[in-house]
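Asker: Below is one structure. I have some questions about it.
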Amino acid sequence: MPEVLKKIFESDRMPRVLVVGDIILDEYIWGSVERISPEAPVKILDSKAENMVPGGAANVANNLAAMGCETILCGAVGRDEKGGKLLDLIKKIGIDCSGVLNFVQRPTTNKIRVIAHNQQILRIDKEDRSPIQAETEEKIIEFIHDTVPQVDGIICSDYNKGILAENVLKAVIHRARQHRKQVILDPKGLDFSKYNGVHCITPNEKEVERACPIKIQGEEDLERAVQYLFGLIKAEAILVTRGKDGMSLFEEGGKKSTKIDADAREVFDVTGAGDTTIAVFGMALFYGFDYLNAARLANMAAGIVVGKVGTSVVTREELNLFLTEGKLLSSRNILSQNELQQVVCQAKSMGKKVVFTNGCFDILHGGHIEFLQQARSMGDFLVVGINSDSSVKGLKGSGRPIKTQTERASILAALKYVDAITIFSEPTPYKLISELKPDVLVKGSDYKVDEVVGKDIVEGYGGKVKLVQIVEGLSTTRLVEKIRNNNKT
């Protein structure tokens, strides 16, 4: 793999990106099916858990933020409860939402996926695909006009829900040309001529076939179809994503093509893979890579994200490790809190009892091992929350932690009885517990039950709080003191 790809992870400044497009709330309902309804010959879902994540253009922005890019999102949500929840999710990530408007008279676009026994059985779409009103369009165009000069590039995410209307697209392309900024676009629909003037589009193979009068049955058909698209949009490049067959990059009107083999180690869920692809592709282009190297980096990211559950993102750390060492993180069970929530929901839908515990776990010792073994025995799926470096410092003082949060998480991940790990920055895991809703909350016997953070939450929905007998005389604080005293002598 070219050494040039590593440069982006050595940079102190990542690109500033404007994302314009259809903002979607992706909602998941997880459960099991054991019965048939007496009312009709349909299956009954016994709902176990639910979670929400940003989708559509918001997922593109989420992926960019996970890569360390300063990201500005432009689009609209409804004046409804779902819109408020979606905005809260986006703001929590750290995405600039100053360009997110409220629709005048339409709901937040909402995709509800119903999953039973680890398999999607139904998707419910709540949306209005009619053209956006003139008032909304004018405000979006005004925001684009003011923002484009301040960014390094623009990504348009078209889910055919109305935001990327003809006038909005023209405004993006015109303003970008004025300031010599690249515009890349993930297309939808049958008429690609409306994208004329963008620098690059990233359709999948099925989208190419739908937009062309050519049935694609092989490489030659794909090349002819892409040449047809070049005639419509006059782009510099077209990157076609092809699932298990990787990607094909076409340049120079289709005369130059490069096949990039898929990098996926395991395909679990392709939801949102296109969002990850265009986010990383755009990031690399706006950083200064050429189309081919940007596509290679995007292909790696896609290979990582399809191995995750539901609508997910790829982090800068994950992609850097994949690039430099050709492997995924040392453990697939070190998860962001959004990813963890989906994995916990999946576990609950399969009837597993979820156990949660937390701590600093600065220097792992025998007491920790015994404690975690006992915690795992209380259920089927053990989640460990560890304090971030800044959180440990606040709790233990300036000399702690001894090991970084990444090191501590990696050590815990090597333990066979730890199923998932996440890092939290708050002093306590109260907020994390309220989001995960574990069946069992476990702490050491050096606490009293009434002192356990999150007790009120867990017992409030019928969960259990249990104390595990700790090994007397073993603690990280004592070990650190002993090491420091030995060094003084």
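Every number in this text was worked out from the coordinates using simple rules, so none of it is lab data. On a predicted model such as this, the values are computed, not experimentally measured, just so you know. Glycine gets a Cβ as well: all are built from the backbone with ideal geometry, and neighbour counts include every protein chain shown.
Asker: Along the positive direction of the dipole of the chain (beta-carbon charges: Lys, Arg +1; Asp, Glu -1; about the Cα centre), which of GLY397, ALA414, THR109 reaches farthest?
Answerer: Selected residue: GLY397.
Asker: Work out the charge dipole of the chain with +1 on the Cβ of Lys and Arg and -1 on the Cβ of Asp and Glu about the Cα centre, then indicate which of GLY351, PRO427, PRO213 is farthest towards its positive end.
Answerer: PRO427
Asker: List the aspartates and glutamates whose Cα lies under 12 Å from the Cα of LYS437, skipping any in the same chain that are fewer than 8 positions away.
Answerer: In chain and number order, the partners are GLU50, ASP456, GLU459.
Asker: Expressed in nm to one decimal, what extension gain is obtained for the pair ARG123 and VAL104 from 0.36 nm per residue of sequence separation less their Cα-Cα distance? Don't skip to the answer; put the middle values down first.
Answerer: Numbers: separation 19, 0.36 × 19 = 6.84 nm, distance 2.61 nm.
Stretched fully, the ARG123-VAL104 segment lengthens by 4.2 nm.
Asker: Follow-up question, since we're still on this one. For the chain, take the longest principal axis of its alpha carbons; what is the angle in degrees between that and the long axis of helix 57-66, to the nearest 10 within 0 to 90?
Answerer: The helix 57-66 is inclined about 50 degrees to the chain.
Asker: For each pair in LYS181/LYS244; LYS393/LYS443; LYS352/LYS403; LYS126/LYS352; LYS6/LYS85; LYS91/LYS161, compute the distance between the two Cα atoms and list the pairs where it is over 29 Å.
Answerer: LYS181/LYS244; LYS352/LYS403; LYS126/LYS352; LYS6/LYS85
Asker: While we're on this one: So if each residue of separation counts as 0.36 nm, and I subtract the Cα-Cα distance between GLU81 and ARG224, what length gain in nm does that give?
Answerer: Full-extension gain reported as 46.8 nm.
Asker: Once phi is turned into ³J(HN,Hα) by the Karplus curve 6.51 cos²θ - 1.76 cosθ + 1.60 with θ = phi - 60°, what whole-Hz value does each residue of segment 376-392 show in order, with x for glycine and proline?
Answerer: Going residue by residue, I get 5, 5, 8, x, 10, 8, 9, 9, 10, x, 10, 5, 5, 4, 5, 5, 4 Hz, with x marking Gly and Pro.
Asker: Still on this structure, please answer the following. Under the Kirkwood approximation applied to all pairs of distinct alpha-carbon atoms, what is the hydrodynamic radius of segment 337-488 in Å? All intermediate terms of the calculation are to be shown ahead of the outcome.
Answerer: Details: mean 1/r = 0.0630 Å⁻¹.
One over the average 1/r among Cα pairs gives 15.9 Å for segment 337-488.
Asker: Taking the Cα centre of each part, how many Å lie between segment 174-226 and segment 91-122?
Answerer: Segment 174-226 and segment 91-122 have Cα centres spaced 25 Å from each other.
Asker: Given charges of +1 on the Cβ of Lys and Arg and -1 on the Cβ of Asp and Glu, with all other atoms neutral, how large is the dipole of segment 372-452 about its Cα centre, in debye to the nearest 20?
Answerer: Working: 11 positive and 10 negative charges, 58 e Å.
So the dipole magnitude of segment 372-452 works out to roughly 280 debye.
Asker: Pop a pseudo-label 7 angstrom from the Cα along the beta-carbon direction at both GLN133 and SER257 and give the gap in nm to one decimal.
Answerer: That separation, rounded to one decimal, is 4.7 nm.
Asker: With only Lys, Arg, Asp and Glu charged, each at its Cβ (+1 for the first two, -1 for the last two), find how big the charge dipole of segment 3-314 is about the Cα centre; round to the nearest 20 debye.
Answerer: Roughly 80 debye, rounded to the nearest 20.
Asker: Could you sort the peptides 278-285, 293-300 by per-residue average Cβ neighbour count (10 Å cutoff), highest mean leading?
Answerer: Values: 278-285: 28.6, 293-300: 24.4.
Going by the mean number of other Cβ atoms within 10 Å, highest first, we get 278-285, 293-300.
Asker: Between LYS464 and THR406, how many nm apart are label points set 7 Å from Cα along the C-beta direction?
Answerer: Here the answer is 3.9 nm between the modelled labels.
Asker: Rounding to the nearest 20 debye, state how big the charge dipole of segment 337-488 is about its Cα centre with +1 on each Lys and Arg Cβ and -1 on each Asp and Glu Cβ.
Answerer: Working: 21 positive and 17 negative charges, 64 e Å.
Computed about the Cα centre, the dipole is about 300 debye.
Asker: On a straight-distance basis, which lysines could pair with LYS255 in a cross-link, Cα separation under 18 angstrom, same-chain partners fewer than 8 positions away excluded?
Answerer: In chain and number order, the partners are LYS234.
Asker: Continuing with this model, one more query. I want the local charge near PRO149. Using Cβ-Cβ distances under 13 Å, sum +1 for each Lys or Arg and -1 for each Asp or Glu among the other residues.
Answerer: +3
Asker: So who's got an amide H within less than 5 Å of the one on LEU382, skipping anything under 5 residues away but keeping other chains? H placed 1.01 Å off N, in plane.
Answerer: Amide H neighbours of LEU382, under 5 Å, 5+ apart: VAL355, ASP419, ALA420.
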